[in-house]
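Reviewing the structure listed below.
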Amino acid sequence: NLNAKLANPLKGVSHDQLMKDVEIFAQERGLTHHLANLQKGALVAQDPNVFERSDLFTEEERRILREETTNKFKQTPMLYYMVIMASLAAAVQGMDEAVINGAQIIYPAQFGIGDPTSQRDSWLVGVVNSAPYLCCAIFSCWLTDPLNKWLGRKKTIFLTCFISFITCIWSALTNTWWHLFIARFFLGIGIGPKSATVPVYAAECSPAPVRGALVMMWQMWTAFGICIGDLLDVAFYFVKDTPGTTGLNWRLMLGSAGIPGLLVCCQVMWAPESPRWLVSKGRYEEAYGELNKLRFSPVQAGRDLYYMHILLEAESEMKRGRNRLVEMFTIPRNRNAALASWIVMFGQQFCGVNVIAYYSSTVFFESGFSRVSSLLASFGFGLINWLFALPAVFTIDTYGRRNLLLFTFPLMSACLLLTGFSFWATNETGRVAGVSLGIYLFGVVYSPGEGPVPFTYSAEAFPLYIRELGMSFATATTWFFNFVLSITFPSLLLAFKPQGAFGFYAAWCMVLWVLILLFVRETKGKTLEELDQVFSVPARTHAAYGLRQIPYGIKKFILFQNPKPEVLYEEESD
């Protein structure tokens with residue numbers, strides 16, 4: 001059967017049996033004083049529209065439950081407080097990507113590695129720039145699972161943001177390239193677990209109708225951090241050295257990236273803990289309390305807690321006595337999630353965006369810009385990257401993750417080709433205009449697609465019992481290839497010129513389009529528990545479905561016909 005039925009485990013359970021099960025659950029977990037709300041919540045979990053027919057619900061409860069679909073962005077202040085905190089944590093990463101972009105046109109000369117014709121110097125600049133991502137790939141991302149297990153989501157975020165703040169200040173105080181490399185390597189300890197934890201934390205706190213929009217705040221505010229970092233590059237470039245201090249401008253650039261981390265440390269402990277993490281630790285009373293802060297009604301909290309409980313009970317039974325690392329690849333459901341997450345994370349690096357974020361000032365300078373104009377042009381890219389991520393808040397849960405990727409990857413390829421071809425222009429004005437247009441248009445199509453999707457997708461793809469491990473795998477993938485491309489891009493520019501470098505990434509965009517078509521599943525609108533059924537569809541079945549979408553797309557978007565779309569997933573009907 002090509003239709004994967006999204007089965008609700010409570011469907012088919014009689015009313016009396018459901019009420020009895022909830023009563024037993026409340027007694028076992030010390031929640032009998034919340035029994036009425038838990039029972040009403042279980043009824044809604046079983047049938048989302050039951051509140052319209054049952055006399056058990058008050059008119060206020062009915063209004064709140066209706067607004068979950070009619071006004072999905074109406075959420076509690078505490079939920080949005082959590083989003084603001086997660087956004088600031090993301091800005092730390094974005095600012096680091098941007099400030100190194102500006103600093104790398106200044107510090108190499110001071111450290112004796114600034115010869116633009118030297119292969120050795122190009123490699124050393126790449127090594128220093130990419131040091132945090134080497135740490136993420138080989139070490140820090142794999143700390144995510146034990147840190148989350150011991151500390152929980154909130155305290156892990158606090159610890160990693162504090163490390164980010166300290167290491168950014170440390171980077172600003174270095175005086176040799178190898179000392180800067182060490183400081184930036186330790187910055188990776190702050191970036192890796194944080195990048196894996198914050199999206200998972202947001203996914204576990206958010207209701208399904210707006211989960212994609214809220215989780216994608218990670219990438220949107222990473223883009224905001226890049227924008228602010230580029231702006232600070234321009235501002236600090238003109239700072240003059242003081243007696244006894246050489247390179248004050250690039251030192252201020254690197255040090256400023258730690259400020260958002262300090263702000264997160266000051267506010268994160270006031271945010272709620274992840275209810276799913278608390279349930280996984282058996283702390284049901286605390287989980288119910290946190291859900292009451294994140295939802296408008298105790299009935300919603302009761303529904304989410306009970307539904308979470310029955311799914312986690314099944315997962316606990318599954319993982320007992322098993323090797324989670326092995327099962328991430330041997331169980332088809334987990335392997336399909338890992339493959340899809342790996343593709344979108346790999347794609348975020350090989351689509352070319354991060355080398356633009358790190359080296360746009362160098363690219364603009366080679367096309368004919370002055371140094372200051374290069375920094376201003378880089379700020380323009382950062383601003384576009386952030387502004388055009390804003391529409392994804394609405395499109396990611398409307399059009400879906402997979403559709404956004406399939407639509408934007410061919411456009412990104414075209415923009416990269418335009419950028420590369422522009423370097424062949426003999427007229428400097430035409431070359432500058434073509435490079436700027438290509439890079440800016442790339443930012444326009446990247447920001448609502450491959451920008452927000454990877455971390456959102458990876459945070460929701462894995463079942464809870466391997467979620468931290470799966471997210472560690474996904475983020476280690478993106479940071480490893482971030483490191484590889486960051487260290488090789490200066491040499492790639494030197495060896496193959498910008499034309500070859502941008503052509504390389506344009507080709508990869510089309511390869512990734514094919515991989516997404518075949519192996520990346522749609523996760524829009526499903527609860528984290530329902531996604532088990534989505535990823536249980538065999539990879540061969542999904543790949544065949546993807547191939548059948550090619551003639552459908554030709555008929556619909558090229559021939560302007562109205563073919564009937566094939567539905568791969570359908571909910572199990574009563």
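The values are calculated or read from the model by the stated rules, or taken from the named source; none is laboratory data. The shown structure was predicted, so the numbers you read here are calculated from the model rather than taken from an experiment. Glycine gets a Cβ as well: all are built from the backbone with ideal geometry, and neighbour counts include every protein chain shown. Surface areas here come from the heavy atoms of the whole protein model, side chains and all, with no ligands, DNA or RNA. Shrake-Rupley method; radii C 1.70, N 1.55, O 1.52, S 1.80 Å.
Here are the numbers for this structure:
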{"quantity": "Sequence-separation-based contact order of region 76-271, relative, with Cα cut under 8 Å and 6+ spacing, percent", "calculated": "41"}
{"quantity": "D (Stokes-Einstein, µm²/s), Kirkwood Cα radius, region 331-536, 1.306 mPa s at 10 °C", "calculated": "90"}
{"quantity": "For the chain, convex hull volume per residue from C-alpha positions, Å³", "calculated": "153"}
{"quantity": "Estimated FRET transfer efficiency (F73, L559; beta-carbon r; R0 45 Å; 0.05)", "calculated": "0.75"}
{"quantity": "Candidate lysines for bridging to K497, where Cα separation is under 28 Å - those fewer than 8 sequence places away on the same chain excluded", "calculated": "none"}
{"quantity": "Sequence-separation-based contact order of the chain, relative, with Cα cut under 8 Å and 6+ spacing, percent", "calculated": "23"}
{"quantity": "Tensor-based shape of region 385-489 (alpha-carbon gyration tensor, a/c under 1.5 rounded, otherwise prolate or oblate)", "calculated": "oblate"}
{"quantity": "Accessible surface of D241 - all protein chains present, 1.4 Å probe, nearest 10 Å²", "calculated": "80"}
{"quantity": "Shape box of region 76-271 [Cα atoms, principal axes, largest first, Å]", "calculated": "53, 33, 28"}
{"quantity": "5 Å binning of all Cα-Cα separations within region 430-574, expressed as whole percents from 0 upward", "calculated": "2, 7, 11, 16, 18, 15, 12, 10, 6, 3, 1, 0, 0"}
{"quantity": "Orientation-averaged projected area, Cα convex hull of region 175-297 (nm²)", "calculated": "10.2"}
{"quantity": "Region 322-423: C-alpha pair distances exceeding 18 Å, %", "calculated": "63"}
{"quantity": "Where labels lie 7 Å past Cα in the beta-carbon direction, separation of T246 and F496 in nm", "calculated": "3.6"}
{"quantity": "Candidate aspartates and glutamates - alpha carbon under 15 Å from K155, same-chain residues fewer than 8 apart omitted", "calculated": "D145, E273, E468"}
{"quantity": "Peptides ranked, highest mean first, by Cβ atoms within 10 Å: ranges 195-202, 176-183", "calculated": "195-202, 176-183"}
{"quantity": "About the Cα centre, charge dipole magnitude for region 331-536 (Lys/Arg +1, Asp/Glu -1 at Cβ), debye", "calculated": "200"}
{"quantity": "Probe 1.4 Å, protein heavy atoms only - accessible area per residue of the chain in square angstrom", "calculated": "39"}
{"quantity": "Whole-percent carbon and sulfur share, accessible surface of region 235-277, 1.4 Å", "calculated": "71"}
{"quantity": "Reachable aspartates and glutamates from K556, criterion Cα separation under 20 angstrom, eight or more residues apart if same chain", "calculated": "E522, E566"}
{"quantity": "Value of [θ]222 nm, deg cm²/dmol, for the chain, DSSP H segments ≥ 4, -39500 (n - 2.57) each, nearest 500", "calculated": "-24000 deg cm²/dmol"}
